[in-house]
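Engineer: Have a look at this one before I ask anything.
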Amino acid sequence: MGGFNPAWFIAAALGVALLATDILIPEESRKKIGWALLSLGILLFIIGVVGFGVDVYISLWKKAETIVLPNTPRVEAPQHSIVKDKTAQPSGHAHPSARVDWRDKQNWRRFLHTGMTRTEVRRLFGDPEKMSVSGNTEFWNYDQGMISFDMDLHSDGSLYSWDEP
């Protein structure tokens, strides 16, 4: 979160350069400069992938996929994929009838499992002390314990990892 994101920096720099080209450069020279800027963009992209890893660009791509333009219908995920994910819960997990103490590590080991939704975890442990989001992942903190939800797999999140307090 926060911090320097080279993908945004590159996109902003190229956007400013293209805008300046369109305003300041005579029309007959724009084509050559446009190709030069495109080449520079591709070079910076390659340098960014090598230097910062492809994860930066994947997270940027996922953010771009979630942008909804005005008057554009929103396409929801097929229902069968959500149902399939929810039925993939491992068998043998206990389901408490009431909230349990998240401070007790045994409750993490006994009740948490991958595929749980945020609603199920909130019912189990209550509201987290802190929540944060990075890309398509939401993090819930309970003191030193942390639960990670993948927000792409299910509309209410899908627990995919945790660290006990």
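Engineer: Calculate, in nm to one decimal, what Leu24 and Ile42 gain on full extension: separation in residues at 0.36 nm each, minus their alpha carbon distance.
Structural biologist: 4.2 nm
Engineer: Something else now. Given the peptides 127-133, 95-101, 110-116, arrange them by the average over their residues of other C-beta atoms within 10 Å, most packed first.
Structural biologist: 110-116, 127-133, 95-101
Engineer: For the stretch 120-159, restrict the atom set to alpha-carbon positions and state the Rg and Dmax in Å.
Structural biologist: When restricted to the Cα atoms of the stretch 120-159, Rg and Dmax are 9.7, 26 Å.
Engineer: For Ile33 paired with Gln144, estimate the spin-label separation in nm (one decimal), with each label point 7 Å from Cα along the Cα-to-Cβ line.
Structural biologist: Placing both labels 7 Å along Cα→Cβ, they lie 5.8 nm apart.
Engineer: OK, next. What is the calculated FRET efficiency for Thr137 to Arg110, with r their C-beta to C-beta distance and R₀ = 35 Å, to the nearest 0.05?
Structural biologist: 0.90
Engineer: Expected output is a single nm value to one decimal: the length gained when fully extending between Glu164 and Arg103, i.e. 0.36 nm times separation in residues minus the C-alpha distance. What is it?
Structural biologist: Taking Glu164 through Arg103 to full extension adds about 21.1 nm, to one decimal.
Engineer: I would also like to ask the following. With a Förster radius of 22 Å, plug the Cβ-Cβ distance of Ala12 and Asp152 into 1/(1 + (r/R0)^6) and report the FRET value to the nearest 0.05.
Structural biologist: Plugging the Cβ-Cβ distance into 1/(1 + (r/R0)^6) gives 0.25.
Engineer: Tell me which residues come under 5 Å, amide H to amide H, from Met116 once H is placed; ignore anything under 5 positions away on its chain.
Structural biologist: The list, which skips near neighbours in sequence, is Leu159.
Computed from the coordinates by the stated procedures, all read-outs in this text should not be read as laboratory data. Every value quoted in this text rests on a predicted model; they were computed, and no experiment measured them. Glycine gets a Cβ as well: all are built from the backbone with ideal geometry, and neighbour counts include every protein chain shown.
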